[in-house]
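Take a look at the structure below.
The values are calculated or read from the model by the stated rules, or taken from the named source; none is laboratory data. Here the structure is a predicted model, which is why all the values come from computation and not from measurement. Quick reminder, even Gly has a Cβ in these numbers, built from the backbone with ideal geometry, and neighbours come from all protein chains shown. Only protein heavy atoms, including side chains, enter the accessible area calculation; ligands, DNA and RNA are left aside. Shrake-Rupley method; radii C 1.70, N 1.55, O 1.52, S 1.80 Å.
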Amino acid sequence: MNDVPRKANDLSLDDYVAGVKACDRAVLGRAITLVESSRPDHQQLAQQLLSVLLPDTGQAHRVGLTGVPGAGKSTLIDALGTRLTGDGHTVAVLAIDPTSLITGGSILGDKTRMARLAVDPRAFIRPSPTARTLGGVARKTRESMLLCEAAGFDVVIVETVGVGQSETVVAEMVDVFILLAIAGAGDELQGIKRGVMELAEIVAVNKADGANAGPAEIAANELRQALHFMRPPHPSWEVPVLTISAVAGDGLDTLWDTVVRHRDTLRSAGAHAQRRRDQQLRWMWSMVEDRVMTDLRTHSGVKALLPALEADVRDGRVPPTQAALRILEIIRS
């Protein structure tokens, strides 16, 4: 079944398929590592694996979560995920971590911030670096999500870093996108870009407990007013603003009920199925762009030209537009 050359310690395609379907955590983790790999042989095997598993995907509730650093995203996922597994759900968390542009390292600390969920037998947490490219986020996270669905997880939560443009990418691969905010950070909009606000389908103000309950409600009211000036993501859905406390557990049932109500509302309007279809097309073009860039950078002619060409552009001897045309000429020749 597997026609890709492999080493003795590698798993075969049959091994991966059987392990993922059996929800073997070790095999699932290795399968995600496989789709994250940039090695051509790994990518070939990963695409074969996804093709075989595709009929077993698509049944999970896909939830995206973003918010500024310090908003309590990981704490919320830990509390909400534990509550969901207690109700019989199985939860997979794909936490996108920032990758350092200097060292290439990533934080990958989400498991330590999700202590209960990390040891929950009905949960699976996978921190993944952004690899510095939005295309990498799109491809790797989408494919990892499919693997988690094939393993039987019925809720997949994708947590973004909350400090860049990955929010837009994640919003285009999930069923509902939640924006987590907090009060008491000066400007109640906390520097959140208008574009991220427009992506939000549910807004939750966290840390609404104790002395912070009042400020949290004030922040929620200000966010409601701000949303009045924005077009909702879907005509059939009015974006709600909730107050919650992930630490105290307050409002978590309401939050999940709102997530379910959002899904039911979009399904009734036919928007849920259309959204999934549109996401498939965007995924296809994302894959095309990702592969074209890979082929371009590995093209022998481009590789030979780049050192001198980049030096000329950097030093102002060649305009960037002219340099780009020279690269394209090599590809087209």
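Annotations
- Solvent accessible area, Å² - ARG126, 1.4 Å probe, full protein context: 40 Å²
- Heavy-atom accessible area ranking, 1.4 Å probe, most first, across PHE153, PHE229: PHE229, PHE153
- Cross-link reach list, aspartates and glutamates versus LYS21, counting only Cα pairs under 13 Å and skipping chain neighbours closer than eight places: ASP56, GLU149
- Separation of the stretch 254-327 and the stretch 35-79, taken as the distance between their Cα centroids, equals 17 angstrom.
- Set of aspartates and glutamates with alpha-carbon distance to LYS303 below 14 Å, sequence-local pairs under 8 removed: ASP295, GLU329
- Near ASP209, once Lys and Arg are set to +1 and Asp and Glu to -1 for all other residues with Cβ below 12 Å from its Cβ, the sum equals -1.
- Calculated accessible area for the stretch 245-328 comes out at 63 Å² per residue, all protein chains present (probe 1.4 Å; ligands, DNA, RNA ignored).
- Radius of gyration (Cα atoms) of the stretch 170-283, expressed as a multiple of 2.2 N^0.38 Å: 1.11.
- Computed over protein heavy atoms with a 1.4 angstrom probe, the accessible surface ordering of ARG83, ARG276, ARG261, largest first, is ARG261, ARG83, ARG276.
- Residue-level accessible surface for ARG39, protein heavy atoms, 1.4 Å, Å²: 100 Å²
- Across the protein chains, with a 1.4 Å probe defining accessible surface, the residues LEU305, LEU76 rank LEU305, LEU76 from largest area downward.
- At the residue level, THR243 shows approximately 50 square angstrom of accessible surface with a 1.4 angstrom probe and all protein chains present.
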